[in-house]
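S.K.: My structure is below; once you've seen it, I'll send some questions.
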Amino acid sequence: MTEQDTDWIGLMIGNSRLHWGYFCGQTLLACLDTPHLREPLSNEFLQQIFPKLLTNKCNCALMVASVVPNQRELWANYGNLRRITLKDIPLLDLYPTFGIDRALAVLGAGEKYGFPCLVIDAGTALTFTGVDGDKKLVGGAIVPGLKVQLASLRERTAALPEVSLPERLPQMWAKETAEGIRSGIIYTILAGIEKFSLEWLNLYPESGIILTGGDGDLIRDYWQENAITSLLVDKTIIFQGIAAVKGISSGLIDKGEHI
């Protein structure tokens, strides 16, 4: 069996969940999310989450990137494992504390849709990450995500109620407290997305803007009711980034190539 035909798993350990992708060579066959682990990883656990794909297969190769140090310790005894670090990412000007999740997502977006590109990741944090046509980091920004902002108001104030996110864009000018919270958080986030997107398109008019992350579909739905620029939603770009790193490390892809 050649490297191109080998099955393997890519894993991004995020702040809230584990993001799994099952590959054959460079082809993503399946992806899913699970809660963080509470005990060390086992082959049996992998077979439970990918039962149809991992039948009779043990010790599947695992490529892991993490932003949660205490979760990383649970992988120490897994034999066929490789950790991804910033040194593995073929992008220029990444600073030492740059998030590996952001690096993989913007790498994957660029490989799939072309550079330059802007990635807006709507997860626990809402992040903006821009890379130019030479695969050089232009920069970005980080703010609390939708659910973190809601939780912060609930936890830090005595009189404000617990509020959930609506499926549809709320009225901007609210007449009661819960709706006012929804309006304030959602519209300020949409305004921020609009500002960063328009500024980015001023710099790179032909660039793609890719929205990803757990709240990506929800923000896309809000955005479509209030849109100025178009956003492409793709929740698989981080796996595309992991596959690019895997391909380079295996010699299947040159650092200067797109996959």
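The values are calculated or read from the model by the stated rules, or taken from the named source; none is laboratory data. Since the model is a prediction, treat every value here as computed from it, not as a measurement. Backbone-built Cβ (ideal geometry, glycine too); neighbour counts: all protein chains shown. What goes into the accessible areas is simple: the full protein's heavy atoms, side chains included, and nothing from ligands, DNA or RNA. Shrake-Rupley method; radii C 1.70, N 1.55, O 1.52, S 1.80 Å.
S.K.: Does residue 142 satisfy being assigned to a strand (DSSP E or B), β-branched (Val, Ile, Thr) and open to solvent by 40 Å² or more (accessible area, probe 1.4 Å)?
M.R.: Yes, satisfied.
S.K.: A further question follows. Got at least one residue in the stretch 163-170 being assigned to a helix (DSSP H, G or I) and either under 22 Å from residue 238 (Cα atoms) or open to solvent by 50 Å² or more (accessible area, probe 1.4 Å) (or both)?
M.R.: Looking for residues that are assigned to a helix (DSSP H, G or I) and either under 22 Å from residue 238 (Cα atoms) or open to solvent by 50 Å² or more (accessible area, probe 1.4 Å) (or both), one finds none in the stretch 163-170, hence no.
S.K.: Checking residue 246 against (1) within 30 Å of residue 62 (Cβ to Cβ); (2) at pLDDT below 90; (3) surrounded by 12 or more Cβ atoms within 10 Å (Cβ to Cβ): exactly one of these is not met. Which one?
M.R.: (2)
S.K.: Only residues that are aliphatic (A, V, I, L, M) and over 26 Å from the mean Cα position of the chain (by Cα): list them for the stretch 141-174, please. Reasoning before the result, please.
M.R.: In the first step, residues of the stretch 141-174 are kept if they are aliphatic (A, V, I, L, M); the result is 141-143, 146, 148, 150-151, 153, 158-160, 163, 165, 169, 172, 174.
Residues satisfying the conditions are 158, 159, 160, 172, 174.
S.K.: For residue 199, indicate whether it is under 21 Å from residue 102 (Cβ atoms) and of a type in the set (Asp, Glu).
M.R.: Against the criterion (under 21 Å from residue 102 (Cβ atoms) and of a type in the set (Asp, Glu)), residue 199 qualifies.
S.K.: Now a separate question. Is it true that residue 102 is out of contact with any His (no Cβ under 9 Å at 6 or more places or on another chain), basic (Lys, Arg) and part of a strand (DSSP E or B)?
M.R.: Judged against the criteria, residue 102 is not a match.
S.K.: Limited to the stretch 171-209, what total is found for residues that are part of a helix (DSSP H, G or I) and either within 27 Å of residue 114 (Cβ to Cβ) or among the aromatic types (Phe, Trp, Tyr) (or both)? First the steps, then the outcome.
M.R.: First, the residues of the stretch 171-209 that are part of a helix (DSSP H, G or I): 177-203.
Those left that are additionally either within 27 Å of residue 114 (Cβ to Cβ) or among the aromatic types (Phe, Trp, Tyr) (or both): 187, 189-190, 192-203.
Here the count works out to 15.
S.K.: With the requirement that a residue be of a type in the set (D, E, K, R) and out of contact with any Gly (no Cβ under 6 Å at 6 or more places or on another chain), what does the stretch 112-158 give you? I'd like the intermediate steps shown before the answer.
M.R.: Narrowing the stretch 112-158 to residues of a type in the set (D, E, K, R): 112, 121, 132, 134-136, 147, 154-156.
112, 132, 134, 135, 136, 147, 154, 155, 156, listed by residue number.
S.K.: When you scan the stretch 9-21, do you find a residue that is touching a Phe, Trp or Tyr at 6+ places or on another chain (Cβ under 9 Å), modelled with pLDDT under 90, open to solvent by less than 70 Å² (accessible area, probe 1.4 Å) and assigned to a strand (DSSP E or B), even just one?
M.R.: No - not one qualifying residue is present in the stretch 9-21.
S.K.: May I ask you to verify whether residue 151 is assigned to a helix (DSSP H, G or I) and modelled with pLDDT of 90 or more?
M.R.: no
S.K.: Which pairs do you get when a residue that is at pLDDT below 80, found in the stretch 35-55, comes within reach of a residue that is surrounded by 15 or more Cβ atoms within 10 Å (Cβ to Cβ) and of a type in the set (Asp, Glu), reach meaning Cβ atoms under 9 angstrom, with the pair 6+ apart or on two chains?
M.R.: 53/7; 54/7
S.K.: Looking at the stretch 220-242, is at least one residue out of contact with any strand residue (DSSP E or B) (no Cβ under 7 Å at 6 or more places or on another chain), closer than 23 Å to residue 16 by Cβ and of a type in the set (Phe, Trp, Tyr)? If you could, list the steps in order and put the result at the bottom.
M.R.: Within the stretch 220-242, the first condition is being out of contact with any strand residue (DSSP E or B) (no Cβ under 7 Å at 6 or more places or on another chain), and the residues that meet it are 221-228, 230, 240-241.
Still in the running and closer than 23 Å to residue 16 by Cβ: 221-223, 240-241.
Narrowing further to those that are of a type in the set (Phe, Trp, Tyr): 222-223.
Yes, the stretch 220-242 contains a residue that is out of contact with any strand residue (DSSP E or B) (no Cβ under 7 Å at 6 or more places or on another chain), closer than 23 Å to residue 16 by Cβ and of a type in the set (Phe, Trp, Tyr).
Yes/no per residue for (1) over 20 Å from residue 108 (Cα atoms); (2) among the charged types (D, E, K, R); (3) buried (at least 16 other Cβ atoms within 10 Å of the Cβ); (4) modelled with pLDDT of 95 or more:
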{"residue": "182", "(1), (2), (3), (4)": "yes, yes, yes, no"}
{"residue": "199", "(1), (2), (3), (4)": "yes, yes, no, yes"}
{"residue": "202", "(1), (2), (3), (4)": "yes, no, no, yes"}
{"residue": "208", "(1), (2), (3), (4)": "no, no, yes, no"}
{"residue": "211", "(1), (2), (3), (4)": "no, no, yes, yes"}
{"residue": "214", "(1), (2), (3), (4)": "no, no, yes, no"}
{"residue": "217", "(1), (2), (3), (4)": "no, yes, no, no"}
{"residue": "221", "(1), (2), (3), (4)": "yes, yes, no, no"}
{"residue": "225", "(1), (2), (3), (4)": "yes, yes, no, no"}
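S.K.: Could you check how many residues of the stretch 112-134 are closer than 16 Å to residue 206 by Cβ and either open to solvent by 20 Å² or more (accessible area, probe 1.4 Å) or assigned to a helix (DSSP H, G or I) (or both)?
M.R.: 8
S.K.: Right, something else. Report every pair of residues separated by at least 6 positions or lying on different chains whose Cβ atoms are under 7 Å apart, first residue within the stretch 62-90 and within 19 Å of residue 238 (Cα to Cα), second among the basic types (Lys, Arg).
M.R.: Sorted first by the residue in the stretch 62-90, then by its partner, the pairs are 63/82; 63/246; 64/83; 66/72; 90/135; 90/255.
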